[in-house]
Structure formats: C-alpha cells, structure tokens
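**Student:** Below you will find the structure I want to go over with you.
The values are calculated or read from the model by the stated rules, or taken from the named source; none is laboratory data. What you are looking at is a predicted structure, and each value in this text was computed from that prediction instead of being measured. Don't worry about glycine lacking a Cβ; one is built from the backbone with ideal geometry, like all the others, and counts go over all protein chains shown. Ligands, DNA and RNA are excluded from the accessible area calculation, which covers all protein heavy atoms including side chains. Shrake-Rupley method; radii C 1.70, N 1.55, O 1.52, S 1.80 Å.
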Amino acid sequence: MRGSVLLTKIVNLNEIDTLKLIIDALDALVYVVELDTYEILFANRKCYEEFGDIAGRKCFEALQTGMTGPCGGCAFADNDFKENTSNYKWEHTNSKNNKTYLFSSKLLSLNGRRIKIQVGIDISEQKKLEAEIYGQQKKNIETFETFTNATIEGLIIYDKNKKCYKVNKVAPEILGYTAQEMIGMDAMDFIADESMEHVRTVIQNRNQEPYEALMVRKDGSKFPAILRGKDIMLNNETIRVSAVMDITEIKEKEELISNLAYYDSLTSLPNRVLLEKQVTQLISKTQRTKMYCAMMFIDLDHFKTVNDTKGHMVGDQILVECASRLKKITRGYDIVARFGGDEFIIVIDTQTTDKSKAIDMITAVAEKIIKIIKKPFEINKDIFQLSASVGIVDFNDQQDFVELLKLADSAMYHAKDNGRDNFNFFNPDLQNQIQRKALVLERLRDAVNNNKLQIHYQKQVDCCQHVIGVEALARWNDDVLGTVNPGEFIPLAEESGLIVRFGEYLLDEAGKLLAEWSADEEKRKWRVSVNISMNQFDKEDFVNIVKGVVDRYRIQANVLRLEITESLLLKNAENALRKIEYLKNFGVTISIDDFGTGYSSLSYLKKLPIDELKIDRSFIKDILTDENDVTIVMAIIAIGKKFGFEVIAEGVETTELYEKLKSMGCDYYQGFLFSRPSPKNML
C-alpha cells in the first residue's frame with residue numbers, strides 16, 4: 001500500500017511489515033499523521049474500509065467533509081504540545097460517515113520528523129445507548145420536576161452541611177427569593193427568630209413529623225408554615241429533603257372559625273362560650289392565690305324600648321358603642337364579654353387578697369360603668385339616654401361559672417328592683433329572693449290557669465269629683481303566699497307570658513261587669529279601663545278577642561277603654577295603627593298609659609286615633625315641690641288639649657295634688673284620694 005511506502009521513509013521495512021500485520025487485525029482506525037503537513041503517512045485496513053485510500057492526503061481532507069483545517073477536537077495540532085506527552089483522548093463525530101469515535105492520540109518524533117499516531121474506536125452504538133439513557137433520565141427528571149412543581153409545598157434539598165443546593169419551583173415563590181439566590185443558603189436562614197430554637201432541636205431527627213414554625217421571607221415578612229423533613233442517601237451522601245407549606249390562609253380561617261365560635265359577631269367581644277372558659281381559668285387561679293375577683297352582670301335599662309321604637313339597626317349601634325365604652329374603663333387582663341341581647345359581663349381581677357381593698361376597686365369600676373353608660377348616645381343625629389343595672393358577686397374560693405353567673409344575675413335584678421341605674425353586690429338575702437321568685441311564678445301559673453286572681457276596680461273622677469269610670473286592676477291573695485303585691489307578680493306574668501291569658505280573662509270580666517251595669521241608671525255611663533300588655537296586643541287575633549267580648553255581652557263599645565303604652569305603639573307602628581283604627585271604628589276607646597315615660601313622639605300622636613293621655617304617677621307625686629315635674633305635666637296637658645285628647649292623672653293621693661292638677665287644667669283624676677281599688681260589689 002501507498003501508506004506503507006510512505007512510512008518506509010522513516011521506519012525500517014521489516015518493522016513495518018510486522019507492525020502492519022498487527023495493526024490491520026485491529027477493529028479500530030489506526031493512522032499516522034505528519035504533524036507539520038497533516039499528511040497521512042500510514043492507515044490500516046479499517047481506515048481503508050471506512051474512508052478508502054487516504055494515505056498521502058491531508059488528514060482533515062481525507063477523513064472529513066468540507067474541512068480546510070485540523071479538526072477542532074485534535075489538540076495535538078497545537079504546537080505547544082510536546083512530544084512524549086501523555087495520551088490524549090477525545091471524542092469526535094465524523095462528518096463523512098456520522099460515526100462517533102473515541103480517539104487516543106500520541107505525539108512522537110521519528111528520524112527528526114514529528115508524527116501523530118491516532119487510534120479511533122467506533123463508539124457509535126455506545127453513544128446511541130448513552131443518548132437513550134440520558135433521554136430517559138432527562139424525561140424522568142422532567143417528570144419528577146413537574147410533580148414537585150405541581151405540589152403546594154416548597155421542596156428544598158440540603159447537603160450534609162444543611163446548605164441548600166436544589167429547590168422546586170414553589171419554594172422560591174413561598175420565600176420570595178429566586179431559585180439561584182436560595183442555592184448555598186443555610187437552612188436556618190429561612191427561620192424566624194421566634195422559632196429558631198425549636199427548629200434547631202427538631203432538625204436533629206433524621207425523620208421529622210410535620211411541625212409548625214414561623215418562617216421569614218426575603219423581604220423580612222414572617223408567615224406560619226408546616227415543615228417536615230427526611231434524611232436520604234444519594235450517591236453515598238446524606239441529604240435532607242425538606243417540605244414547606246405556607247399555612248397563612250389556614251391560620252386566617254382558623255382565626256375566623258375561632259371568632260365565630262368564641263366572639264360576638266356584633267361587638268367582637270368574647271361570647272358566652274369563651275367567657276366560660278376564661279372565667280373557669282380565673283377560678284382555678286383564685287383557688288391557688290386567694291386573690292379576689294368579681295363578676296359584674298350589666299343589663300341596659302329599657303333598651304327594649306330603643307329596639308321597639310327605632311329598630312334593631314340603631315339598637316345594634318348602641319350595643320357596639322357600649323362595648324367600646326366598657327373596654328375603655330377596664331384593664332387588659334380584665335374580661336369584657338357580651339352575654340347576649342343587651343347584657344354584658346365584666347370580670348375584674350383585683351390582684352389582691354385584701355377583701356376591703358378588692359371591694360373598693362370593684363366599687364370604683366361599677367361606678368365607672370354606671371357613669372359611662374349614662375353618657376348620651378348619638379346615633380344618626382338622634383340622642384339616646386340610657387342607664388344600666390349592675391349585679392356584682394365577688395369570689396376568691398371554689399365557685400363554678402354557672403353559680404357565679406346565677407348570683408350576679410340575681411344581684412342585677414335586685415339593682416333593677418331598687419330603681420335601676422345602680423349596682424348591687426350579691427348577698428345571701430338575694431338567694432332567698434331568687435327562691436321567692438321561683439315560688440311566686442309557680443303559684444302564679446296555677447292562679448292564672450285556674451282564674452284565682454281577683455279583679456279590683458279604682459274609680460276615676462272629673463274635676464267635680466263625679467265618677468266617670470273605673471280602672472280594672474289585678475289583685476292576688478294566694479293560699480300559700482298570702483297577699484302578693486301587683487308590683488311583684490305583674491312583671492313575672494309579663495316575663496313568663498302568663499299575662500296574655502290573664503289579660504284575656506281581665507277583658508272578659510270587664511265585659512261582664514259592663515253588661516251588669518247596663519241596667520244601672522248611674523253606672524251605665526261609667527267606662528271600664530283595661531291595661532293591655534304588649535304580648536297581648538301583638539297577637540294576631542287581639543282585635544277579634546276584643547270584638548268578641550263586646551258582642552258576647554252586648555255592651556256599648558265606647559264604655560270599654562283599652563290602656564296601651566307608648567312602646568307598644570312604636571314597636572310596629574303600621575300594625576298598631578291598623579289594629580287601633582279597627583277598634584276605633586268598632587267604637588272602643590284608647591288611652592296611652594304612663595305617657596311621658598317612654599320614647600314620646602308627637603308624630604305618632606298626630607297619626608293615631610287615640611282618646612286619652614294618662615300621666616304617670618312618677619310625674620305627679622312631686623309636682624308640689626319639683627318645677628321639672630310641673631313643666632312636664634303642663635306640657636302633657638297642653639299636648640292633650642292641642643290634639644283634642646282627654647288627660648287623666650294617676651296617683652292623686654292628696655287634696656293639694658288634686659287642686660294643683662285642677663289648676664293646671666287636667667280633665668280627670670285617679671288615686672287614693674278618691675277611692676282605693678275594691679271589688680265590684682263595693683263600688
């Protein structure tokens with residue numbers, strides 16, 4: 001071959017023959033290139049099989065397509081390489097046959113000429129297999145990354161030194177970094193100071209159960225997270241895979257649920273459920289420390305009138321303002337809660353074992369409550385003047401929440417019984433009152449259901465003291481309790497709803513009496529006034545009941561007078577007007593009882609077809625000495641005359657009061673001066 005001839009110029013012929021036999025037997029490309037000219041001096045049989053007769057040609061022209069210089073991967077083309085250097089291995093894909101070879105090159109000097117011996121092994125199949133393996137690995141990695149990026153958790157992989165070297169897509173989004181910025185950061189760089197000690201302890205475990213910690217973002221903001229981690233072996237190295245889940249929204253929802261469960265939605269104060277938990281904890285504390293605490297039960301006086309007259313929207317605004325005021329007069333460790341409706345609870349921790357000092361502190365808070373609730377409420381440019389009744393029970397020994405609540409509630413009702421707008425400490429006597437109330441209610445239910453209540457009548461007179469009518473009044477003489485004051489049993493009847501049944505009985509008895517009087521020359525002109533409760537008036541069939549009494553006893557409707565309160569009129573003005581107009585058309589007359597004690601409004605007086613204003617006894621008793629009461633009474637009389645209403649004063653007990661009222665222009669009078677309530681057979 002031509003290559004052998006060329007090689008004889010630098011190598012002995014015998015040596016060449018022997019060498020050629022060996023090299024031709026190799027399944028590899030073997031060729032010799034003169035480094036200065038790139039001329040191929042020798043090529044073995046494999047070269048001829050792959051590329052033809054290439055001896056004598058420049059290597060890059062014979063072995064490649066379109067090349068004008070040495071191959072890029074042939075480092076020995078660089079003259080800086082010295083002879084006898086180590087073998088240089090490199091891969092190259094041939095541009096003629098597209099096969100990939102692994103070359104081993106050696107630079108030698110023979111007979112003064114620099115030559116390069118190159119041996120190339122065909123690794124095309126191996127490269128193909130390698131590409132397939134790499135492709136599968138890449139696909140697996142892409143699939144893995146797709147899964148890890150699809151999770152809501154941020155995944156961070158740490159090396160054995162707890163340095164980050166891999167993250168999924170979610171982790172940087174959670175922590176506010178770029179993926180590149182996170183690489184190399186320490187695991188503790190992402191933990192907030194508040195959780196640092198806890199996390200340092202937990203990560204000592206190879207497998208962590210999920211736990212909560214406070215983490216910190218790049219911008220310094222903190223957020224709650226659930227963390228979990230696991231140590232795994234990879235390439236004989238221990239790595240830590242950590243998962244991070246931002247639970248800010250979960251915490252917010254937990255807080256919302258907690259608020260719904262434990263806080264009043266209107267005032268944001270603790271509700272009864274949370275109040276009980278807090279008080280129970282405080283009771284446990286007092287059992288250890290013997291320090292005095294106090295539960296204060298606060299009820300807004302006559303708040304129902306506000307709701308009935310102005311609506312619940314206004315009432316709610318007042319309750320919110322009350323809550324704000326109560327918070328301002330208490331300390332951070334005191335408890336302020338809304339118990340329900342217009343009731344609030346304050347629990348005071350006096351932090352003293354001295355009962356005298358504790359009582360002084362509790363009294364001071366109670367006085368603040370009374371004062372701050374009396375401050376006018378301005379809602380939608382309307383001014384409301386309220387007061388509060390406060391019941392107090394102090395404790396430093398073993399009590400339970402329910403018992404404390406019951407005692408404070410009893411004390412509060414005692415404050416109401418004492419005129420409202422004040423506070424009252426619980427004492428054992430109140431327990432007797434509670435028991436008394438329960439007994440009275442039990443006996444009252446029996447009395448109402450069996451018509452055991454008596455009806456007495458008090459005369460009403462004109463300015464000449466001629467009787468013009470009577471008011472029907474309930475009296476009760478019980479077999480067990482004896483005589484029970486109306487001021488005790490009437491409120492109980494209203495609270496329990498018994499007033500409805502008794503009211504119907506009272507109406508029926510009034511009708512029966514008027515029927516009896518229809519044949520009496522003197523009394524046939526007398527009217528009978530009957531008090532109507534709000535519960536009774538609200539019944540859908542109320543007007544039919546009244547009409548039924550008139551029809552059943554065949555009486556003149558105009559001698560039956562119904563006494564209703566201002567709050568009843570204003571609770572549902574349209575419904576009240578409809579009922580009153582029906583009754584008036586039927587002939588029944590209407591009186592406004594206790595006029596001036598509620599939310600007085602001239603607008604409803606203008607609209608309602610009423611017949612009489614009744615001045616409450618609270619304005620009458622002091623008109624001889626109190627100019628304010630004189631002014632109020634004169635105003636009511638003037639209103640009555642202006643609208644054409646009759647005006648009657650109740651509670652007239654002395655001649656001086658009678659003369660005073662007569663001089664002021666009052667039309668009618670009722671009181672002990674003229675008669676005491678008595679049975680009908682004594683009229």
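**Student:** Can you pull out the residues in segment 209-251 that are of a type in the set (S, T, N, Q) and either open to solvent by 60 Å² or more (accessible area, probe 1.4 Å) or more than 37 Å from the chain's Cα centre (by Cα) (or both)? Step through it out loud before you land on a result.
**Tutor:** Of the residues in segment 209-251, the ones of a type in the set (S, T, N, Q) are 221, 235-236, 238, 242, 248.
Across segment 209-251, the qualifying residues are Asn235, Asn236, Thr238.
**Student:** With Ser496, Ser529, Ser533 as the choices, which residue is at pLDDT 95 or above and of a type outside the set (Phe, Trp, Tyr)? Steps first, answer last, please.
**Tutor:** Working: Ser496 fails: at pLDDT 95 or above; Ser533 fails: at pLDDT 95 or above.
Answer to the selection: Ser529.
**Student:** Check segment 366-381 and report whether any residue there is over 31 Å from the mean Cα position of the chain (by Cα), among the aliphatic types (A, V, I, L, M) and either open to solvent by less than 10 Å² (accessible area, probe 1.4 Å) or closer than 18 Å to Ile298 by Cα (or both).
**Tutor:** Going through segment 366-381, the residues over 31 Å from the mean Cα position of the chain (by Cα) turn out to be 367.
Applying the additional criterion that residues be among the aliphatic types (A, V, I, L, M) yields none.
No: zero hits.
**Student:** Pairs please, first residue from segment 486-507 and closer than 18 Å to Ser529 by Cβ and open to solvent by 50 Å² or more (accessible area, probe 1.4 Å), second anywhere and part of a helix (DSSP H, G or I) and not hydrophobic (A, V, I, L, M, F, W, C), Cβ atoms under 8 Å, 6+ apart in sequence or on different chains.
**Tutor:** Pairs that qualify, where the first residue is closer than 18 Å to Ser529 by Cβ and open to solvent by 50 Å² or more (accessible area, probe 1.4 Å) and the partner is part of a helix (DSSP H, G or I) and not hydrophobic (A, V, I, L, M, F, W, C), are Glu504/Gln536.
**Student:** Moving on. Among the candidates Gly503, Gly511, single out the residue that is under 21 Å from Arg578 (Cα atoms) and among the small types (Gly, Ala, Ser).
**Tutor:** On the way: Gly511 fails: under 21 Å from Arg578 (Cα atoms).
When all the criteria are applied, what remains is Gly503.
**Student:** Quick one: which of Lys327, Lys304, Lys277 is open to solvent by 20 Å² or more (accessible area, probe 1.4 Å), in contact (Cβ under 8 Å) with a residue 60 or more places away in the chain, of a type outside the set (S, T, N, Q) and part of a helix (DSSP H, G or I)? I'd like the intermediate steps shown before the answer.
**Tutor:** Working: Lys327 fails: in contact (Cβ under 8 Å) with a residue 60 or more places away in the chain; Lys277 fails: in contact (Cβ under 8 Å) with a residue 60 or more places away in the chain.
When all the criteria are applied, what remains is Lys304.
**Student:** Being in contact (Cβ under 8 Å) with a residue 24 or more places away in the chain and either touching a Leu at 6+ places or on another chain (Cβ under 6 Å) or surrounded by fewer than 17 Cβ atoms within 10 Å (Cβ to Cβ) (or both) is the filter here; which residues of segment 548-571 pass it?
**Tutor:** Initially, segment 548-571 is screened for residues in contact (Cβ under 8 Å) with a residue 24 or more places away in the chain, giving 549-550, 552-571.
The answer is Val549, Arg552, Arg554, Ile555, Gln556, Asn558, Val559.
**Student:** Looking at segment 410-456 only, could you name the residues that are in contact with a Lys or Arg (Cβ under 6 Å, 6 or more places away or on another chain) and open to solvent by less than 20 Å² (accessible area, probe 1.4 Å)? Even if it seems obvious, please write down each step before you answer.
**Tutor:** Kept after step one, since they are in contact with a Lys or Arg (Cβ under 6 Å, 6 or more places away or on another chain), are these residues of segment 410-456: 448, 454, 456.
Listed by number, the list holds a single entry, Val448.
**Student:** Oh, and also: In the set Met188, Met182, which member is in contact with a helix residue (DSSP H, G or I) (Cβ under 8 Å, 6 or more places away or on another chain), within 14 Å of Ser242 (Cβ to Cβ), surrounded by fewer than 18 Cβ atoms within 10 Å (Cβ to Cβ) and not aromatic (Phe, Trp, Tyr)? Lay out the reasoning, then the answer.
**Tutor:** Numbers: Met182 fails: surrounded by fewer than 18 Cβ atoms within 10 Å (Cβ to Cβ).
Only one candidate qualifies: Met188.
**Student:** Confirm whether Asp193 is at pLDDT 90 or above, surrounded by fewer than 16 Cβ atoms within 10 Å (Cβ to Cβ) and in contact with a strand residue (DSSP E or B) (Cβ under 9 Å, 6 or more places away or on another chain).
**Tutor:** So Asp193 passes the test.
**Student:** Please verify whether segment 256-264 includes one or more residues that are open to solvent by 50 Å² or more (accessible area, probe 1.4 Å), part of a strand (DSSP E or B), without any contact (Cβ under 8 Å) to a residue 60 or more places away in the chain and under 15 Å from Val336 (Cα atoms).
**Tutor:** At the first step, the residues of segment 256-264 found to be open to solvent by 50 Å² or more (accessible area, probe 1.4 Å) are 256-257, 259-260, 262-263.
Okay, now just the ones that are also part of a strand (DSSP E or B), so 263.
Imposing the further condition that a residue be without any contact (Cβ under 8 Å) to a residue 60 or more places away in the chain reduces the set to 263.
Next cut, under 15 Å from Val336 (Cα atoms) only: 263.
Scanning segment 256-264 turns up at least one residue that is open to solvent by 50 Å² or more (accessible area, probe 1.4 Å), part of a strand (DSSP E or B), without any contact (Cβ under 8 Å) to a residue 60 or more places away in the chain and under 15 Å from Val336 (Cα atoms).
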